[in-house]
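Asks: Please see the structure below; I have some questions.
Derivation of every value follows stated rules applied to the coordinates shown; laboratory data play no part. These figures come from a predicted structure and were not determined experimentally. Note that we place each Cβ from the backbone using ideal geometry, even for glycine, and neighbour counts take in every protein chain shown.
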Amino acid sequence: MDSHIPSPPTRRLSTGERENAIDRTIPLFPPAVEIDEHNYFDNNDPPEYLESMISGVQEFVKFHKYNRVVLVTSGGTTVPLENQTVRFIDNFSAGTRGATSAEYFLENGYAVIFLHRQFSLLPYSRHYSHSTNCFLDFMEEKNGKVVVDPKYQEEMLSVLRKYQTAKEQNLLLLLPFTTINQYLHTLRALSVTLQPLKSRALFYLAAAVSDFFVPLHRIPEHKIQSKAGGNKLLMNLDPVPKFLHRLVEKWAPGAMIISFKLETDSSILLSKSRQALERYSHQLVIGNLLQTRKTEVVFVEPDAPAHWIRLTPAQEAAGIDIESLIIPAIMRRHTVWIKESGNSA
Ligand code: PAZ
């Protein structure tokens with residue numbers, strides 16, 4: 001049927017147009033220093049809920065003062081284009097890495113603070129949300145009651161038990177963000193709140209954080225209007241300050257810090273991961289490629305050759321999560337970190 005519909009005239013982008021669509025002449029942006037921190041946080045207001053969120057975190061930290069606590073960041077930050085936001089820039093991350101990793105940390109005795117993009121995947125419920133199956137497909141009706149379909153019983157019972165244990169033992173704290181600004185304010189406030197844990201605090205920064213944003217003083221209040229005449233929308237975005245060095249040096253001294261590096265070009269993954277490690281002076285960069293992130297990652301750490309973690313074809317076919325290999329490898333490093341810093345685990 002579609003063959004009767006005349007195809008619209010197409011126009012191929014020339015290589016030149018594609019290359020110039022984004023201005024890439026901006027030089028490598030240096031790590032943020034104290035003045036950048038003041039400039040950003042003094043000029044971009046904190047979210048209204050931050051204070052009450054942080055008092056919940058203080059309680060959690062008090063409760064777990066002798067435990068290992070991991071802050072997992074997960075999902076993508078948005079960049080609003082209007083203050084009363086209709087449109088925003090987003091990215092692909094659904095939070096699979098973060099939510100899956102959180103489960104393995106919990107299984108291995110960590111308390112988890114899960115700083116996640118609102119409505120992205122969550123530990124445990126991820127098995128039944130966002131899937132091609134609607135959650136109702138896991139149910140059936142029996143004698144006028146809703147019950148779980150027998151073919152999902154075993155797996156759901158195991159997930160449910162783990163979820164309930166995490167809840168009963170107060171091991172999981174869920175904190176949402178949406179915008180890049182909410183994320184940055186929350187990350188800074190959280191880091192400072194985790195300081196009493198010293199080296200028992202672990203930062204596992206898997207969120208996909210925006211690189212460019214519209215600062216508060218330039219953001220229009222209302223919805224951007226399209227004008228007759230097919231005008232282009234030209235966006236003028238500032239670079240988001242690179243706060244990782246501030247986090248390492250000032251916000252969370254003593255904690256072990258792991259960041260992720262995502263690339264799409266395999267030829268630059270290792271060099272970019274190494275570059276991030278050297279620029280921010282933290283303990284570990286986990287490199288991954290968009291295309292293969294669920295089956296292989298590379299650990300890049302100081303004074304050591306790159307170390308690949310890969311699922312075998314058999315593990316892949318059996319549905320093993322790569323995070324079940326990543327988390328134990330991190331825990332071993334965290335144990336050494338705690339010992340070397342003279343802090344009891
Ligand atoms: O959410 P997801 O599981 O699909 O993706 C995870 C990821 C690729 C966003 C994460 O592993 C990662 O690399 N985060 C850092 C991204 C960055 O370089 O900013």
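Asks: For the chain, what is the percent of antiparallel DSSP beta bridges, rounded to the nearest 5?
Replies: Antiparallel: roughly 35 percent of the beta bridges in the chain.
Asks: Anything in the chain that counts as a DSSP H helix reaching 15 Å or more along its axis (C-alpha) with Kyte-Doolittle mean of at least 0.5? List them, would you?
Replies: Result, helices passing both filters: 50-63.
Asks: So what does log10 I(q)/I(0) come out to for the range 21-121 at q = 0.12, 0.22 Å⁻¹, using the Debye formula with one equal point on every Cα and no solvent?
Replies: -0.64, -1.28
Asks: Name the residues whose placed amide hydrogens come within less than 5 Å of the amide hydrogen of Leu172, ignoring near sequence neighbours (fewer than 5 apart) on the same chain.
Replies: Val112
Asks: Now for a different question. Would you work out if the range 147-239 is rounded, prolate or oblate? Take a ≥ b ≥ c from the square roots of the eigenvalues of the alpha-carbon gyration tensor; rounded if a/c is under 1.5, else prolate when a/b is larger than b/c, oblate otherwise.
Replies: oblate
Asks: Right, here's the next one. Let me know the longest stretch in the chain that avoids all chymotrypsin sites (Phe, Trp or Tyr not before Pro) found in a DSSP loop with at most 10 other C-beta atoms within 10 Å.
Replies: 93-345
Asks: Based on the alpha-carbon gyration tensor of the chain, what equivalent-ellipsoid semi-axes (square roots of 5 times the eigenvalues) come out, in whole Å, largest first?
Replies: 33, 30, 23
Asks: Name the longest site-free stretch of the chain, where the excluded sites are GluC sites (Glu not before Pro) in a DSSP loop with no more than 10 other beta-carbon atoms within 10 Å.
Replies: In short, 49-220.
Asks: Now a separate question. Based on the alpha-carbon gyration tensor of the range 171-308 and its eigenvalue square roots a ≥ b ≥ c, which shape applies: rounded if a/c is under 1.5, prolate if not and a/b is larger than b/c, or oblate?
Replies: Oblate, since a/c reaches 1.5 and b/c is not below a/b.
Asks: Starting from the amide H of Leu284, placed 1.01 Å from N in the peptide plane, find each other amide H under 5 Å away whose residue is 5 or more places distant or on another chain.
Replies: When sequence neighbours closer than 5 places are left aside, the close amide H contacts are Ile257, Ser259.
Asks: Determine the shape class of the range 214-282: with a ≥ b ≥ c the square roots of the Cα gyration tensor eigenvalues, call it rounded for a/c under 1.5, and otherwise prolate if a/b is greater than b/c, oblate otherwise.
Replies: It is oblate, given that a/c is not under 1.5 and a/b is not larger than b/c.
Asks: Now a separate question. Which residue, Asp45, Asp211, Asp149, has the most motion in a Gaussian network model of the chain that connects Cα atoms within less than 10 Å?
Replies: Asp149
Asks: Show me, for the range 283-289, the HN-Hα J-couplings you get by feeding each phi into the Karplus relation (A = 6.51, B = -1.76, C = 1.60, θ = phi - 60°), rounded to Hz, glycine and proline as x.
Replies: With coefficients 6.51, -1.76 and 1.60, one gets 8, 7, 10, 9, x, 8, 9 Hz.
Asks: Over 18 Å apart: what share of the alpha carbon pairs of the range 183-236 falls there, rounded to a whole percent?
Replies: 59
Asks: While we're looking at this one, here's another question. Please report, in cubic angstrom per residue, the volume enclosed by the convex hull of the alpha-carbon atoms of the range 250-313.
Replies: Expressed per residue, the convex hull around the Cα atoms of the range 250-313 is 99 Å³.
Asks: If you plug each phi of the range 233-249 into the Karplus form 6.51 cos²θ - 1.76 cosθ + 1.60 with θ = phi - 60°, what whole-Hz ³J(HN,Hα) values come out, in order, with x for Gly and Pro?
Replies: Going residue by residue, I get 9, 9, 9, 10, 9, 8, x, 6, x, 8, 8, 4, 5, 5, 4, 5, 7 Hz, with x marking Gly and Pro.
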